[in-house]
Amino acid sequence: MIGLALVIGLPLLAALVGLAMPNRLRAAQVAVGGAAATWVVAVVVALPRFGDAEPVGGSWGHAWGTLSAPAVTFALRADSMSAALLLLAATVALLVQLYSVAYLADDSQYRAYAAIVSLFSASMHAVVVANDLFVLLIGWEMMGVCSYLLIAHYWKRSDARDGAAKAFLMTRLADVGLLVAIIALGQAVDSYRISDVLDAVAAGELSSAMITTVALLMLLAAVGKSAQFPLHTWLPDAMPGPTPISALIHSATMVAAGVYLIARMYPLFADSRSATIVLGLIAIVTMLIGAAFALAQDDLKRVLAWSTVSQLAYMFAALAVGSVVAAIGHLLAHGAFKALLFLVAGSVAQIVRSTAFIDMGGLRRGLPVTFVTGTIGLAALAGLVPLSGFFTKDAILGAASDSAHDGGAAPSWLAWSILVAGLVTAVLTAAYVTRTWLLVYGGERRSPFHAYDPPSLMRWPLIVLAVPTVLLGIAVLEPGWLGGAEAEPVHAWIAVVSTLIVVVVAGLTWLVGQSGDPAVRLGPARPVLAREFGVDAVYDRFAVRPTLDAADVVLHADSDVVDAYVRGASSGTMTASRLLRWAQNHNVQTYITVAVVGVAVAAVLAGVSAS
Amino acid sequence: MPLVWPLLLSAALFGIGVYGVLARRNAVLALMGVELMLNAANVNLVAFDVWFRDVLVSGQVFTLFTIALAAAEIGLGLAIVLRLFRTYGHVDVDRLGGEP
């Protein structure tokens, strides 16, 4: 229990102490030291939880309740699923802190940056180990704030500011769903404890309308946080942030929280067929458009961003067909290889001073570590055979296939659609991964640069992350580690089909790519995909513009109507005072003249009225 | 002698006094205007005293008081005018009141 509080408290402390440090070196020491200590505690807490171990937990503090509302306590709890995410989050946070020391070596705002990264990881840990819905909400919102601050790190660039505001507003909009869901659950169950809520759901104490409402509200929050359709547009626009931040946001924190929320509250979704159908449909649409958009991008980081959107949709699909283990397994594998890919992208970006494909090419000589780890990461993303991505993707497609044949949480038609969409996405994924490899590493250099492997602080995180990228698949072969039901480890026909897909599509893309950018073959579809279907234009037309127009109306109502009275009062006073001042002119004789004339007039009037 | 003659005299004196106070820019002449107005009042007092044949002759007593007061007042006034002249170098009432 102390350990659970420490994984939140230590990074929080590191953030506060780091801000107080006098110089960059000390701040780096505090940030990395805090992350390392957190990692040690996380390992100690997490390792005993795997398998069928009992969850640990407890609660602290005064119960802030009133007669009319259930009590809120600082309640924490860890089971095998939280333990897995805790390990992932702590590991990626530590590696990102190490990498950032070198990556932001000459950044004047490193101190604040390192502190916010520590705070970010504290927030994610709070979400992961929370056993009180309000503790979860606090961590959830803190992550939103931290991601806003970190995306806007290069605040002098307007695209960074806009991307940060967009990310914040879109996720905030979705977060309202979580808040309403929490309040509704608190009223229905009379407790904000997650374990109490899940017990009540298991005991059938909640009406099915209530469960569906709450599940849909939580789905809204998860869709916003995990950048799923229709709130998917913020994630690619968050790319102007520093690359290590993209690694953090895209793998272990932020977007992972959405998947984790649904996995944690999964009994709600299992009991609500409509919520499951909505979840599945969102996953299908998102995985297809994410992968298709990734195919047409001209920027390495944007490709990776869309691939994150598409891979997260895989996890949502796994949840829709009822396999929490497959979803968490893919979350872990994706966390490892996507963090690796973003850190590689950061190293590449430092060499070519750009993230656009047009400046890259031929990056396979002179930088063996970046080349090899990047290739491994891309292969794992495509799901090539013995790498982690293969096994976890296979588990998801296998769960969809099982659900399609045997029935389950999802209706059969939905499971079939998810299976087909998953395979189509695998085709698209293999294509864009091969294209990315060709544009970054293949061919000749397209801009003058000196290729070198990054300094050791940036090199070692790549090597460390390559290990789980390769080996994490073995964990899926032993499905009992998450404490779930035993599942078939590898689904033979899906394994064969997906391997065939990867090899054939990658080979075809390779052949096409020999004569230039393979995306050229998309023909007229390419600009449409590159514009991302104009979803942003629709939001701009129907959400952003009306808001700005309404703001304009309010502004003018204030400045032209309300302020008119204020200005009128002031100018009226000024005019009156100008008239009075004209009488008060320092000339005593004028005063006396007025007095004499006044008395004379008064006397005449008195005489007239008397007679 | 009818009452109207002294009253006319006093009204003329008072009018000249008012004119002196209002129109003269020299402080000494303004003071002289004030004196004229005072003396117009004195003429009134004496005239009505005679007209009413007052046993206590209070009108004439008041006039004596007023003359004494006017002497004191003009002494004070001239002292102020002297002070103004020493400070500003002139006694033009229109230009008084600012920095010397």
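The values are calculated or read from the model by the stated rules, or taken from the named source; none is laboratory data. All values reported here derive from a predicted model rather than from experimental measurement. Here Cβ is always computed from backbone atoms with ideal geometry, including for glycine, and neighbour counts include all displayed protein chains. In case anyone asks, the SASA skips ligands and DNA or RNA and just uses the protein heavy atoms, side chains included. Shrake-Rupley method; radii C 1.70, N 1.55, O 1.52, S 1.80 Å.
For residues that are in contact with a Phe, Trp or Tyr (Cβ under 8 Å, 6 or more places away or on another chain) and open to solvent by less than 10 Å² (accessible area, probe 1.4 Å), tally how many sit in region A:81-91.
4
Scan region A:149-168 for residues that are open to solvent by 60 Å² or more (accessible area, probe 1.4 Å), touching a residue at least 60 places away in the same chain (Cβ under 8 Å) and assigned to a helix (DSSP H, G or I) and report the count. Full working, then the answer.
From region A:149-168, those open to solvent by 60 Å² or more (accessible area, probe 1.4 Å) are A:149, A:154-159, A:161-162, A:168; that's our starting set.
Now restrict to residues that are touching a residue at least 60 places away in the same chain (Cβ under 8 Å): A:154, A:157, A:159, A:162.
If we keep only those that are assigned to a helix (DSSP H, G or I) too, we end up with A:159, A:162.
Residues that pass the stated criteria total 2.
Between A:Leu300, A:Leu248, which is of a type outside the set (Phe, Trp, Tyr), open to solvent by less than 30 Å² (accessible area, probe 1.4 Å) and touching a strand residue (DSSP E or B) at 6+ places or on another chain (Cβ under 9 Å)?
Answer to the check: A:Leu300.
Does A:Ala583 satisfy the criteria of being modelled with pLDDT of 90 or more and either loosely packed, with under 10 Cβ neighbours inside 10 Å or not assigned by TED's automatic domain parsing to the domain that holds A:Leu169 (or both)? Let's see the steps before the verdict.
Values: modelled with pLDDT of 90 or more: no; either loosely packed, with under 10 Cβ neighbours inside 10 Å or not assigned by TED's automatic domain parsing to the domain that holds A:Leu169 (or both): yes.
Considered against the rule, which asks whether it is modelled with pLDDT of 90 or more and either loosely packed, with under 10 Cβ neighbours inside 10 Å or not assigned by TED's automatic domain parsing to the domain that holds A:Leu169 (or both), A:Ala583 comes out as no.
Identify, from the list A:Leu216, A:Leu206, A:Leu235, A:Leu220, the residue that is outside any helix (DSSP H, G or I) and over 22 Å from A:Arg77 (Cα atoms). If you could, list the steps in order and put the result at the bottom.
Numbers: A:Leu216 fails: outside any helix (DSSP H, G or I); A:Leu235 fails: outside any helix (DSSP H, G or I); A:Leu220 fails: outside any helix (DSSP H, G or I).
The unique qualifying residue is A:Leu206.
Return the total of residues in region A:422-472 being of a type in the set (A, V, I, L, M, F, W, C), closer than 23 Å to A:Tyr103 by Cα and surrounded by fewer than 20 Cβ atoms within 10 Å (Cβ to Cβ).
7
Can you tell me which residue among A:Val309, A:Val321 is within 16 Å of the chain's Cα centre (by Cα) and buried (at least 24 other Cβ atoms within 10 Å of the Cβ)? If you could, list the steps in order and put the result at the bottom.
Numbers: A:Val321 fails: within 16 Å of the chain's Cα centre (by Cα).
Criteria check complete, one pass: A:Val309.
Can you pull out every residue in region A:351-372 that is over 20 Å from A:Arg302 (Cβ atoms), open to solvent by less than 10 Å² (accessible area, probe 1.4 Å) and modelled with pLDDT of 80 or more?
First, pick out the residues of region A:351-372 that are over 20 Å from A:Arg302 (Cβ atoms): A:362, A:364-369, A:371-372.
So of that shortlist, the ones also open to solvent by less than 10 Å² (accessible area, probe 1.4 Å) come out as A:362, A:367.
Answer for region A:351-372, where residues must be over 20 Å from A:Arg302 (Cβ atoms), open to solvent by less than 10 Å² (accessible area, probe 1.4 Å) and modelled with pLDDT of 80 or more: just A:Leu367.
Here is a check on your reading of the model: is A:Arg581 closer than 30 Å to B:Asp92 by Cβ, more than 14 Å from chain B (Cβ to nearest Cβ), out of contact with any Phe, Trp or Tyr (no Cβ under 9 Å at 6 or more places or on another chain) and in a helix (DSSP H, G or I)? Explain how you work it out, then say what you get.
Working: closer than 30 Å to B:Asp92 by Cβ: yes; more than 14 Å from chain B (Cβ to nearest Cβ): yes; out of contact with any Phe, Trp or Tyr (no Cβ under 9 Å at 6 or more places or on another chain): yes; in a helix (DSSP H, G or I): yes.
In short, yes.
How about region A:264-375: which helices (runs of 4 or more DSSP H) wholly inside it have at least 1 residues that are among the aromatic types (Phe, Trp, Tyr) and not assigned by TED's automatic domain parsing to the domain that holds A:Arg445? Give the steps one after another, and end with the answer.
Numbers: elements: A:266-270, A:273-295, A:300-320, A:324-352.
Hits in region A:264-375: A:266-270.
Here is a check on your reading of the model: is A:Val535 within 30 Å of A:Ile358 (Cα to Cα) and open to solvent by 60 Å² or more (accessible area, probe 1.4 Å)? Outline the logic, then answer.
On the way: within 30 Å of A:Ile358 (Cα to Cα): yes; open to solvent by 60 Å² or more (accessible area, probe 1.4 Å): no.
Criteria not met by A:Val535.
Output the number of residues of region A:513-532 satisfying the condition of being in a helix (DSSP H, G or I) and either open to solvent by less than 40 Å² (accessible area, probe 1.4 Å) or of a type in the set (Gly, Ala, Ser) (or both). Before you say what the answer is, go through the steps one by one.
Keep residues of region A:513-532 that are in a helix (DSSP H, G or I), which gives A:513, A:518-522, A:525-530, A:532.
Those still in the list that are either open to solvent by less than 40 Å² (accessible area, probe 1.4 Å) or of a type in the set (Gly, Ala, Ser) (or both) too: A:513, A:518-519, A:525, A:529-530, A:532.
Residues that pass the stated criteria total 7.
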